[in-house]
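Novice: Please see the structure below; I have some questions.
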């Protein structure tokens with residue numbers, strides 16, 4: 001299945017990996033519910049920000065985190081407006097959508 005291109009992304013970086021590494025990366029991306037490109041960008045930016053201390057990478061990650069938080073809050077507010085609202089259903093659905101891999105939101 002071909003993924004829709006993300007706006008503003010025009011450059012390519014090609015890296016060589018082993019077949020085993022490629023499979024591991026693809027499985028991790030799938031587990032997180034993102035494309036391999038999205039996963040690779042997140043891993044590389046996190047490395048630049050957290051290990052290298054790159055200010056621009058830190059800023060990029062903060063902007064992405066803020067947008068993700070806004071998106072999650074909007075999803076929650078939308079859920080509150082649904083007929084038959086149930087807090088239990090909202091928490092279960094939030095855990096399913098936001099925290100993959102067995103982790104729990106609450």
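Read-outs: derived from the displayed coordinates by stated rules, not from any lab. Remember, it's a predicted structure, so these values are computed and weren't measured experimentally. Note: ideal-geometry Cβ built from the backbone for every residue, glycine included; neighbour counts use all protein chains shown.
Novice: In what sequence do 86, 18 fall when counting other Cβ within 10 Å, fewest first?
Specialist: Fewest to most other Cβ atoms nearby, the residues stand as 18, 86.
Novice: To the nearest 10 degrees, how steeply does helix 19-32 sit against the main Cα axis of the chain, on a 0 to 90 scale?
Specialist: Around 20 degrees separate the two axes.
Novice: Still on this structure, I have one more. As I understand it, the value is the acute angle between the Cα axis of helix 36-46 and the longest principal axis of the Cα atoms of the chain; what does it come to in degrees, rounded to 10?
Specialist: The answer is roughly 80 degrees.
Novice: Please label the shape of the range 45-85 as rounded, prolate or oblate, based on the square roots a ≥ b ≥ c of the eigenvalues of the alpha-carbon gyration tensor (a/c under 1.5 means rounded; beyond that, a/b larger than b/c means prolate, else oblate). List each step's numbers first, then the result.
Specialist: Working: a/c = 7.97, a/b = 4.54, b/c = 1.76.
Prolate shape, in that a/c is at least 1.5 and a/b is the bigger ratio.
Novice: Right, next: Test of understanding: ordering 63, 90 by Cβ neighbours within 10 Å, fewest first, what list do you get?
Specialist: Fewest-to-most Cβ neighbours within 10 Å comes out as 63, 90.
Novice: Pulled fully out, how much extra length does the chain show between residue 62 and residue 79, if you take 0.36 nm times their separation in residues and subtract their Cα-Cα distance?
Specialist: Numbers: separation 17, 0.36 × 17 = 6.12 nm, distance 2.57 nm.
Additional length available on full extension: 3.6 nm.
Novice: For mean projected area of the Cα convex hull in nm², one of (i) 6.9; (ii) 9.3; (iii) 9.8 was computed from the structure I shared and the rest are decoys. Which label?
Specialist: (ii)
Novice: Kindly express, to the nearest 10 degrees and within the range 0 to 90, the angle between helix 55-80's C-alpha long axis and the longest C-alpha principal axis of the chain.
Specialist: Roughly 20 degrees between the two axes.
Novice: Shifting gears a bit: If I model a spin label at residue 37 and residue 24 as a point 7 Å from the Cα along the Cα→Cβ vector, what separation in nanometres do I get?
Specialist: 2.4 nm
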